[in-house]
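Here's the structure, in structure tokens; my notes come after.
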Amino acid sequence: MKTVTVSASKTYDIVIGSGVLKNVGQSIQALGRAEKVCIVSDSTVYPLYGEALRSDLEKAGFEVEVFVFPAGEASKIGETFLALLNFLAEKKLTRSDLIVALGGGVVGDLAGFAAASFLRGIRFVQVPTTLLAAVDSSVGGKTAIDLPAGKNLAGAFCQPSLVLCDTDTLLSLPGDIFRDGCAEVIKYGVLYDPKLFSHLEEKGLSFDREAVITRCVELKRDVVAQDEFDTGLRMKLNLGHTIGHGVEAMSCFSLSHGKAVAIGIAMIARATAKFGMLSGPDCRRILAVLDAFGLPTHTEYEADALYAYTLSDKKRAGSTVKLIVPRTIGQCDILPVPVEELKNWIQAGL
Ligand code: NAD
Ligand code: GLY
């Protein structure tokens, strides 16, 4: 079992390993003050892990409430958010009480935003059960819901009080959803860590889960410590996301986030290589590792349409788009590109 400590506006531990969920009650007790805990989960995850979590929390002396919503991105919306706030009010949670988010990124983002908003902020604990949530969304305090105008358009920066990542929960993940998280893991290798990248090349899908999740979380911890509010360095975590979000939106979200990010990483690698800023061999290694993990590296969408969707991304600043471009395996730059040039990059990446 490993513990990584994040030092941002709040200091908190991320505990990673097999069997972490067996001690949830004690771990949450150690946070102090709370009498009530509200478990927030989805209709797939709660039946798998919810009752064991509930009984462990009750054994530790907490009064437990449970809020479960239908699984999937379609639930990460204002209606579910308001229903959760009303539920917390009805159950009379106070500012010293806690939310426990049990699930993937959808549960974590929604429950985190509710925690940030209810009574102007109560504490929450992330219990990620997807690989994506373990390596990315449960860490760093970005919480959000989707609006009809786009994904993650309403939210708050709000750090959790604790993250408990039980690697055993990943065993029940469908392979396809596990692979979505692998796109984010590959992203960390390309961004910061040649050794992690080589481990992924060597081991493929049978990589060492505890070690790899811990490494990704350490890398994210370092970024969040330097740029919690996403004004500079943290933008690098969007490698593959600028074009990826365009592909994801064009598919009307029928393509998963992980697969869209994989396509985005592949396209930016091809374009950067074509413009002479990434070597051919490094570009081929990036494409090969995505392929080895069963992730897509091409899209059938055309450059014009993709350009229009990519431009609607909220990370655009005025007339410039900041692209994250790989320079070697383990090092990427933030490259401001005039909006008019973005289409050339997309074309070069196809
Ligand atoms: P998800 O939460 O929808 O989970 C995917 C599916 O897997 C769901 O159907 C869920 O019920 C199921 N599932 C979860 N854990 C399971 C388990 N252990 N066994 C079996 N099934 C399980 O999706 P996700 O990929 O985890 O997260 C995607 C979301 O995360 C998006 O909304 C994205 O915007 C958000 N996100 C947020 C951040 C951030 O920093 N806050 C970062 C990246 C992504
Ligand atoms: N997932 C990107 C970030 O946390 O900044």
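The values are calculated or read from the model by the stated rules, or taken from the named source; none is laboratory data. Since we're looking at a predicted model, the values are computed, not measured. Quick reminder, even Gly has a Cβ in these numbers, built from the backbone with ideal geometry, and neighbours come from all protein chains shown.
Which ones in segment 142-171 are free of Cβ contacts under 8 Å to residues at least 60 places away in the same chain and within 11 Å of ligand 1 (Cβ to nearest atom)? Hits for segment 142-171 are Thr143, Gly155, Ala156, Cys158, Leu170, Leu171. A single member of Gly103, Gly78 is small (Gly, Ala, Ser), at pLDDT 95 or above and touching a helix residue (DSSP H, G or I) at 6+ places or on another chain (Cβ under 6 Å), and it is Gly103.
Within segment 120-130, being at positive phi and either within 9 Å of ligand 1 (Cβ to nearest atom) or not in a loop (DSSP other than H, G, I, E, B) (or both) holds for one residue alone: Arg120. In segment 201-220, the residues that are more than 23 Å from Leu287 (Cβ to Cβ) form Cβ pairs under 9 Å with partners that are aromatic (Phe, Trp, Tyr) and in a helix (DSSP H, G or I), at six or more places apart or across chains, as follows: Lys220/Tyr188. List, please: which pairs have Cβ atoms under 7 Å, are six or more places apart or on different chains, and start with a residue in segment 126-141 that is under 10 Å from Gly112 (Cβ atoms) and end with one that is of a type in the set (Val, Ile, Thr) and surrounded by fewer than 24 Cβ atoms within 10 Å (Cβ to Cβ)? Filtered contacts from segment 126-141: no entries.
Of all the numbered requirements in (1) buried (at least 24 other Cβ atoms within 10 Å of the Cβ); (2) within 9 Å of ligand 1 (Cβ to nearest atom); (3) part of a strand (DSSP E or B), Ala133 misses one, and that requirement is (3). Of all residues being within 16 Å of ligand 1 (Cβ to nearest atom) and surrounded by 22 or more Cβ atoms within 10 Å (Cβ to Cβ) in segment 207-221, which is nearest to Gly189 (Cα to Cα)? Just the residue, please. The residue in question is Cys216. Scanning segment 136-169 for residues that are surrounded by 20 or more Cβ atoms within 10 Å (Cβ to Cβ), hydrophobic (A, V, I, L, M, F, W, C) and within 20 Å of Lys220 (Cβ to Cβ) returns Val139, Ala144, Cys158, Leu162, Val163, Leu164, Cys165. Pick out, from segment 241-333, the helices (runs of 4 or more DSSP H) lying fully within it that include 2 or more residues that are within 16 Å of ligand 2 (Cβ to nearest atom). Filter on segment 241-333 gives 241-250, 257-274.
Of the residues in segment 11-38, how many are over 19 Å from Leu170 (Cα atoms) and within 16 Å of ligand 1 (Cβ to nearest atom)? Of the residues in that region, 1 qualify.
Let me confirm something: among Gly140, Gly108, which residue is within 16 Å of ligand 2 (Cβ to nearest atom), touching a helix residue (DSSP H, G or I) at 6+ places or on another chain (Cβ under 7 Å), outside any helix (DSSP H, G or I) and closer than 29 Å to Arg179 by Cβ? The match here is Gly140.
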